[in-house]
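The values are calculated or read from the model by the stated rules, or taken from the named source; none is laboratory data. Source: prediction; values computed, not measured. Glycine also receives a Cβ, built like all others from the backbone with ideal geometry; neighbour counts cover every protein chain displayed. When the accessible area is computed, the model is the full protein with side chains, heavy atoms only, and any ligands, DNA or RNA have been set aside. Shrake-Rupley method; radii C 1.70, N 1.55, O 1.52, S 1.80 Å.
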Amino acid sequence: MVVMAKASRAVALALALVAATFGASCGDDDPSDTGSDTGDPPDLPDTDFEIELVYQSDATASQREAFESARLRWLAVIQNSQGSAQIDLASPQAIDACESSGEGGTITTNGVAIIVKLDPIDGRGGTLGAAGPCFVRQATGAPVLGIMTFDSADLDVLEATNRLETVILHEMGHVIGFGTLWGLEELLANPSLPNNAGADTHFTGAGAQAAFDEASSGNFSGSIVPVDNSAQPGSADGHWREDVLDTELMTSSITGTEASVPMSAITIASLGDFPFYDVNEDVADPYTVPQLFAPRAPTPSAATSDRTPPHDLVRPRFAVDAEGNVRALAR
């Protein structure tokens, strides 16, 4: 089963305007009625970037709504087209690197296509899933095809605790490149993997460093921006350091709902540090780095707390050109 979710701003706006016009002509004639059910066009991101969701497993209406909300949020962040690229979802490389079922045919995108799979993995409280880009553009290194896979056993808990949308937003950030392209783009210093726990791991992009300085009032004495240095696969070298940035969206654990898990200007600026993205920092959530700066007591396991279960990071294995020709990346 494959269902694709893709709408350009022009098409979406046109549909919204049609709905608004129809609602105005058929609704209550009382001009004082300004309720939210009159078909007013939604706020749509003004961007040339595309995110296409390719569902290769069943998803409920509420799950698709959460994915769509995350998609629109990231579209508000990234402003520029990445240039047209083609990916054959039935190619051996897509099946191998992105776990594609082969459904969906050939996709052409100016941004990134994301395969979504909601399937059993290892049961509730185990590995949540995996996310990241499997293909990048040969010319620029920008993602063109990625995967978001979730253990279906964990989804009920995430929905019941109002964390599903936030977790999807986090994982979609990895597909766009957060934490998964840092090594390829030479923006990660002193990685802790495979066995260097406690290293001075940090992100070296100037934009993110400036945003961190502002959010911390310059009070952090270590190397910036501090990155998870636990040497734990799935967390280390691909997230902000939780002891410092606490509840920020792109730390390794999510313990709250979207309202309490801000997408900071630090995260948005880090995407702008890639040579291929133009970003809009104005859509960042308010955020100040808390004055913690010291390791906290061990936290309960994911199975016994409201913390998000661990997940794996997918990193690109192939590059594709504008004509769809694929080559393997050095590993």
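What the table below lists for this structure:
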read-out	value
Linear extension gain, Asn162 paired with Ala61, 0.36 nm per residue minus alpha-carbon span	34.9 nm
Pair Glu186, Asp278: separation of 7 Å Cα→Cβ label points (nm)	2.6
Portion, in percent, of the accessible area of region 86-199 that falls on carbon or sulfur, probe 1.4 Å	47
Solvent-accessible ranking of His174, His202, largest area first, probe 1.4 Å	His202, His174
Peptides ranked, highest mean first, by Cβ atoms within 10 Å: ranges 186-194, 148-156	148-156, 186-194
Gain on full stretching of the segment that runs from Thr106 to Arg327 - 0.36 nm per residue minus C-alpha separation	77.9 nm
Sequence ranges 177-184, 242-249, ranked by mean other-Cβ count within 10 angstrom, highest first	177-184, 242-249
